[in-house]
Amino acid sequence: MDDYDQPENSDDDIPINDNAGAQLIQKLKTYLAPGASLLELGMGSGKDLNLLSQSYVATGSDYSQDLLDCYLRRFPKADLILLNALTLQTVRKFDCIYSNKVLYQLTPFELKKSLVQQHRILSDKGILMHSFWYGSHVEDFHDTICTYYTEQTLNEIISKRFELLEIQKYQEIRKGDSIYILLRKSTHAVHL
Ligand SMILES: C[S@@+](CC[C@H](N)C(=O)[O-])C[C@H]1O[C@@H](n2cnc3c(N)ncnc32)[C@H](O)[C@@H]1O
């Protein structure tokens, strides 16, 4: 992503990149046709869902009912479901599953389990796009365990059930602090 090429920022001059979600969605559009059905995991305030809804038949989700209620007060007709990214208890299927800085709150073991469930609810040749914080450490942030991922640790988790389309570092706050993956559901039969 272009921002990654910018000069390194000093700690006392940190530009917040409010545009990071918009840049991810621009990239997603090169793989996912307009009008496709899309599920966002961990939508939070819904800033990305608003953008995704401009091009896709977008369904928002989060495991916090409070956050869903908050969005529904602003957009009563929104299609939202209460979903834990770990279990994805829904029978619905989607052409794409998207998340922005959500799955880093799963351990690598949980992320693997989530990807099995994502595979289940993804249409044939469906697309996944997920962003993470970049690094190879684990942090306890206000009692939430946060796992940082690299190209290598993500590749180890993805396995053969998905074809890797792109894996790329980018900048959200500091140079190279983030990474996204774009995957396509593999058409080959695989052992799950
Ligand atoms: C850091 S916020 C990111 C919100 C939004 N994606 C954004 O970019 O602004 C993480 C969001 O993921 C949700 N979340 C965390 N773990 C989750 C899980 N296991 N299942 C579903 N949502 C989860 C939180 O409730 C929160 O809304």
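When residue 40 is tested against (1) open to solvent by less than 30 Å² (accessible area, probe 1.4 Å); (2) farther than 23 Å from residue 20 by Cα; (3) in a strand (DSSP E or B), exactly one condition is not met: (2).
If you go through the range 44-69 and keep only what is open to solvent by 10 Å² or more (accessible area, probe 1.4 Å), near the ligand (Cβ under 6 Å from one of its atoms) and in contact with an Asp or Glu (Cβ under 7 Å, 6 or more places away or on another chain), you end up with just 44.
The set of residues in the range 45-62 that are closer than 23 Å to residue 173 by Cα, in a loop (DSSP other than H, G, I, E, B) and either within 12 Å of the chain's Cα centre (by Cα) or of a type in the set (Ser, Thr, Tyr) (or both) contains only 45.
Residue-level analysis places residue 90 among those that are over 14 Å from the mean Cα position of the chain (by Cα) and open to solvent by less than 60 Å² (accessible area, probe 1.4 Å). Count, please, the residues in the range 63-115 that happen to be on the phi > 0 side of the Ramachandran plot and assigned to a helix (DSSP H, G or I). Within the range 63-115, residues that are on the phi > 0 side of the Ramachandran plot and assigned to a helix (DSSP H, G or I) number 0.
Per the conditions (1) over 21 Å from residue 51 (Cβ atoms); (2) touching a residue at least 12 places away in the same chain (Cβ under 8 Å); (3) open to solvent by 40 Å² or more (accessible area, probe 1.4 Å), the sole criterion not satisfied by residue 106 is (3).
Within the range 142-158, being surrounded by 14 or more Cβ atoms within 10 Å (Cβ to Cβ) and either part of a loop (DSSP other than H, G, I, E, B) or polar (S, T, N, Q) (or both) holds for 147, 148, 150, 153. Here residue 161 does not fit the description of being at pLDDT 95 or above and either open to solvent by 30 Å² or more (accessible area, probe 1.4 Å) or in contact with a Lys or Arg (Cβ under 9 Å, 6 or more places away or on another chain) (or both). Looking only at residues of the range 109-141 that are surrounded by fewer than 16 Cβ atoms within 10 Å (Cβ to Cβ), away from the ligand (no atom under 15 Å from the Cβ) and in contact (Cβ under 8 Å) with a residue 60 or more places away in the chain, we find that the one that is nearest to residue 49 (Cα to Cα) is 123. Quick check: anything in the range 76-85 more than 17 Å from residue 123 (Cα to Cα), touching an Asp or Glu at 6+ places or on another chain (Cβ under 6 Å) and small (Gly, Ala, Ser)? No: the range 76-85 contains no residue that is more than 17 Å from residue 123 (Cα to Cα), touching an Asp or Glu at 6+ places or on another chain (Cβ under 6 Å) and small (Gly, Ala, Ser).
The values are calculated or read from the model by the stated rules, or taken from the named source; none is laboratory data. Bear in mind that the values here come from a model prediction, so they are computed numbers and not experimental data. Cβ: placed from backbone, ideal geometry, glycine included. Neighbour counts: every protein chain shown. These accessible areas exclude ligands, DNA and RNA; they are computed on the full protein's heavy atoms, side chains included. Shrake-Rupley method; radii C 1.70, N 1.55, O 1.52, S 1.80 Å.
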